[in-house]
Structures are given as C-alpha cells and as structure tokens.
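Working notes, beginning with the structure itself.
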Amino acid sequence: MGKTILVVEDELLNIKLIREILTYRGDTVFEAANGREGIDLAIEKKPDLILMDIQMPVMDGMEATQLIKANPATRHIPIVALTGYAMDGDKKRMLEAGCDGYLSKPFKIKELLQAIDTFFDSK
C-alpha cells in the first residue's frame, strides 16, 4: 500500500520529478512551495513522510523542520532533507535541526527511494 508523502520544494522541475517517481509506485503526494506551506500541510494532512528542501523562500527547510518537530501533532513524521548543500558539516547541521535523513541533490532515483523506504521497512 502506498504512503502519503509531503514534498516541500520550490523548484518546479524537482517537484515534477519526485511526484512522477512516487505516484508511479503508488504513493500519494502533496506539495508545498515553501516551509510555511509545508508546516500547514503537515498539520492538515499528517503525511507518512516529508521530503524537505532546505533553501526556499518565505521560510527555509531548517526552520520549518524545527517547527514541525516542535509540534506534538507532527513531531513523529520523519523528515528527509533534500539539499544542494554538500559541504562538510551540512548533514550534521540538518540532522541536529530535526531532520531524520539527508539526501544531497542531484540524487539518483534509487537513492531517493532508498532514503524514503528506510523509514517504512521497519514498520
């Protein structure tokens, strides 16, 4: 059975690619263009997982992640950071902000699916 996944991403091509990959395998995808919208959709839809871009307008992914993890209604939702940041220490910084996983862009389809499935294989 497919999962419900919230994609918080401001790049339209990235959203389209992720949506096509996930819907093809049977997942339901919701989309937000910035961190503020991502928080609102996380509260409303209670997805099984959030793919969170880090660098976005209005509210970045780090702040959105911290607010989602601070909310008792959403703190249980795993968040995977999707980012073009690949410098030393960036992964550690994102995990400390509350992200449960990290995937640097550009990513391979197999890497994306593995990052997502990590959170579902144990359930």
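The values are calculated or read from the model by the stated rules, or taken from the named source; none is laboratory data. Everything quoted here is computed from the prediction, not taken from an experiment. Reconstructed Cβ throughout: ideal geometry from the backbone, glycine too, with neighbour counts over all protein chains shown.
Among the conditions (1) surrounded by fewer than 17 Cβ atoms within 10 Å (Cβ to Cβ); (2) within 17 Å of Ile79 (Cβ to Cβ), the only one that Pro57 does not satisfy is (2). Set side by side, the residues Ile50, Ile43, Ile54 differ, and just one is among the hydrophobic types (A, V, I, L, M, F, W, C) and in contact with a Phe, Trp or Tyr (Cβ under 8 Å, 6 or more places away or on another chain), which is Ile54.
Of everything in the range 37-58 that is of a type in the set (D, E, K, R) and at pLDDT 95 or above, the residue that is nearest to Phe107 (Cα to Cα) is Asp48. Put simply, of Leu82, Leu22 the only residue that is part of a helix (DSSP H, G or I) and closer than 21 Å to Lys3 by Cα is Leu22.
Checked against (1) under 13 Å from the mean Cα position of the chain (by Cα); (2) more than 14 Å from Val7 (Cβ to Cβ); (3) surrounded by fewer than 19 Cβ atoms within 10 Å (Cβ to Cβ), Asp90 passes all but condition (1).
Would you confirm whether any residue within the range 31-47 is part of a loop (DSSP other than H, G, I, E, B), of a type outside the set (Val, Ile, Thr) and in contact with a Lys or Arg (Cβ under 6 Å, 6 or more places away or on another chain)? Within the range 31-47, none of the residues are part of a loop (DSSP other than H, G, I, E, B), of a type outside the set (Val, Ile, Thr) and in contact with a Lys or Arg (Cβ under 6 Å, 6 or more places away or on another chain).
The residue that is farthest from Lys110 (Cα to Cα), counting only those in the range 4-26 that are in contact (Cβ under 8 Å) with a residue 40 or more places away in the chain and over 14 Å from the mean Cα position of the chain (by Cα), is Arg25.
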